[in-house]
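Trainee: Questions regarding the structure given below will be posed in turn.
A short reminder: the numbers here are calculations on the coordinates, not readings from a lab. Since the structure is predicted, the reported quantities are computational estimates derived from the model, not experimental observations. No Cβ is skipped: glycine too gets one built from the backbone with ideal geometry, and neighbour counts run over all protein chains shown.
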Amino acid sequence: MTSTDAPSTVKRILMPDCVRPVVENSAYAAFSRRVIAAAGRRVAAGDVEALPELVALAAAVDEAIGQAVAGLRGVGYSWTEIAARLGVTRQAAHQRWAIGPSDPSGPTGVAR
């Protein structure tokens with residue numbers, strides 16, 4: 001094991017500005033999309049009992065997007081940069097995900 005392969009002994013909490021390594025990747029996202037699509041097909045094939053779980057999954061995805069956007073805003077990304085990645089206008093992104101007075105770009109209350 002070389003010195004570059006050794007695990008870090010630095011406590012992350014002491015270095016909050018450090019960029020964390022990316023764990024998830026595009027293959028992971030593609031797998032997640034396949035799982036969600038399979039759940040939709042299962043309900044469409046007649047499994048009405050699974051419909052509430054599919055709706056709960058959609059709510060969890062919406063919550064995760066809200067957390068992701070809040071995190072990006074927290075580390076300095078602008079609404080324009082976020083909106084460009086999502087294919088929406090800056091105003092649309094702000095209206096949907098601005099979380100309140102702590103967000104310097106506007107007080108919309110809660111994420112929708």
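Trainee: For TYR28 and THR89, FRET efficiency with R0 = 30 Å and r from the beta-carbon atoms, rounded to 0.05? It would help to have the intermediate numbers written out before the result.
Mentor: Values: r = 29 Å, r/R0 = 0.95.
About 0.55, to the nearest 0.05.
Trainee: So if R0 is 35 Å, what FRET efficiency would ALA68 and ALA38 give, r being the distance between their Cβ atoms, rounded to the nearest 0.05?
Mentor: Taking R0 as 35 Å, the efficiency between ALA68 and ALA38 is 0.90.
Trainee: By its C-alpha gyration tensor, with a ≥ b ≥ c as the square roots of the eigenvalues, how is segment 38-83 shaped: rounded for a/c under 1.5, else prolate for a/b larger than b/c, else oblate?
Mentor: Taking the square roots of the gyration eigenvalues as a ≥ b ≥ c, segment 38-83 is prolate.
Trainee: What ³J(HN,Hα) values, in whole Hz, does the Karplus curve 6.51 cos²θ - 1.76 cosθ + 1.60 give for segment 35-49 when θ = phi - 60°, with x put for Gly and Pro?
Mentor: With coefficients 6.51, -1.76 and 1.60, one gets 5, 5, 4, 5, 5, x, 5, 4, 5, 4, 7, x, 8, 5, 5 Hz.
Trainee: Same structure, new question: Given the peptides 88-98, 38-48, arrange them by the average over their residues of other C-beta atoms within 10 Å, most packed first.
Mentor: 88-98, 38-48
Trainee: Give me SER26, SER78 sorted ascending by neighbouring Cβ count inside 10 Å, so fewest comes first.
Mentor: Values: SER26 7, SER78 13.
Least crowded to most crowded, the residues run SER26, SER78.
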